[in-house]
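Only one structure is covered here, and it is reproduced in the block below.
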Amino acid sequence: MKWQKILNEIRQEIQPELGNGKVANYIPALSEADPKAFGMAVVTTDGEIFTAGNATEPFSIQSISKVLTLTLALGFENENLFERVGREPSGSAFNSIVQLEQEGGIPRNPFINAGAIVVTDTIITHCNRQSGADLILDLARKLSCSGRVRVDDEVARSEALWGNRNRSLAYFMKSFGVLKNDPEEVLQAYFCQCALEMTCTELARAGLYLANDGVDPVSGEQVATHAHVNRINALMMTCGHYDMSGDFAFHVGLPGKSGVGGGILAIVPGVCAVAVWSPALNKAGNSLAGTLALELFSEKTSLNLF
Ligand code: GLN
């Protein structure tokens, strides 16, 4: 496959779309991102890397970190995790609280904020001497093979300062007994995971185990079991783009997870992991140009799973 040619074409064709949509502005640290920035990276299961645009500029991965935390939590708890978090699309915004009361404090899935907070709570329960935030950072560094990956402290502080919605979700779930640890401790780790800063190349590299049945094809390390990777990819396909998950599956046809920093990680099982970044978002909080770039990618490569 002529990967580089395809990425160059996508970069050309996406140009008129750059800047359409709105950069996240719920925290000042994110609102400064250039709406027209664009980067894309493909890392194949053979370990080959192809890039277009600004694939080496670090950005805030935000909710894409929910894939990493889900991987850790499934490793700790296996299927027991699903006693405290569901696996259905929510049909609501990523930070919605509305279903929680009716559903006994159990979030619909691990990729909405409430669900991700439960997942992080599980990690806190199982990490021993290390803090939850450090455990997550270590995993991001290991999987991306990059010691450069870091938590952007300014973004983390901003998340905490403007985090009243997430705080509400955490305390509300605590009142139902769904959260096991101190909500403040859980939130601290959650805010740090949102503030992880990675490049497209690092992110695609980090997601490679999801394209290879849980084994990092380059290092040979088993990151997650085959069964867990099936679960994670299924959840990415059905819930990875919030209330536009159906639309993403319809147009792109790959498991994907977005973040309000404008990044998206998509997986082609058996073939590659793809990361795109463009900060201007559509109405559901997913990268507008990033989604279109992935649509072009699945069209041009015929890698749409369906
Ligand atoms: N930090 C954001 C929040 O918790 C992450 C949401 C997202 O990326 N969709 O609200």
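The mean sequence distance of close C-alpha pairs (under 8 Å, at least 6 residues apart), as a share of the length of segment 1-112, puts its relative contact order at 18 percent. Sequence-distant contacts, meaning Cα pairs under 8 Å at least 6 residues apart, place the relative contact order of the chain at 27 percent. Our analysis of segment 134-275 gives Rg over Rh at 0.99, with the two radii drawn from alpha carbon positions and Rh computed by the Kirkwood formula.
Pairwise Cα separations in segment 1-120 fall into 5 Å bins from 0 onward with the following percentages, short to long: 2, 9, 14, 14, 14, 15, 15, 11, 5, 1, 0. Would you mind checking the pairs 180/257; 142/300; 2/300; 66/142; 174/257; 257/283 and listing those with alpha carbons more than 21 angstrom apart? Distance filter (> 21 Å) returns 180/257; 142/300; 174/257.
Using the alpha-carbon atoms, what tilt in degrees (0 to 90, nearest 10) does helix 183-194 show relative to the longest principal axis of the chain? Compared with the principal axis, the helix lies near 10 degrees. Could you state the angle between the C-alpha long axis of helix 132-144 and the longest principal axis of the C-alpha atoms of the chain, as a value from 0 to 90 degrees rounded to the nearest 10? The angle comes out near 20 degrees. Secondary-structure-derived ellipticity at 222 nm for the chain, considering helices only, amounts to -13000 deg cm²/dmol, per-run term -39500 (n - 2.57) for DSSP H runs with n ≥ 4. Placing unit charges on each Cβ (+1 for Lys and Arg, -1 for Asp and Glu) gives the chain a dipole about its Cα centre, and among 302, 124, 51 the Cα reaching farthest toward its positive end belongs to 302. Within the chain, the proportion of C-alpha pairs whose separation exceeds 32 Å stands at 17%. Contact order for segment 199-306, expressed relative to its length and based on alpha carbon pairs under 8 Å spaced 6+ residues apart, stands at 24 percent.
Bear in mind that the values in this text are calculations on the coordinates, not laboratory data. Predicted model, so just to flag it, every value in this text is computed and none were measured. Note: ideal-geometry Cβ built from the backbone for every residue, glycine included; neighbour counts use all protein chains shown.
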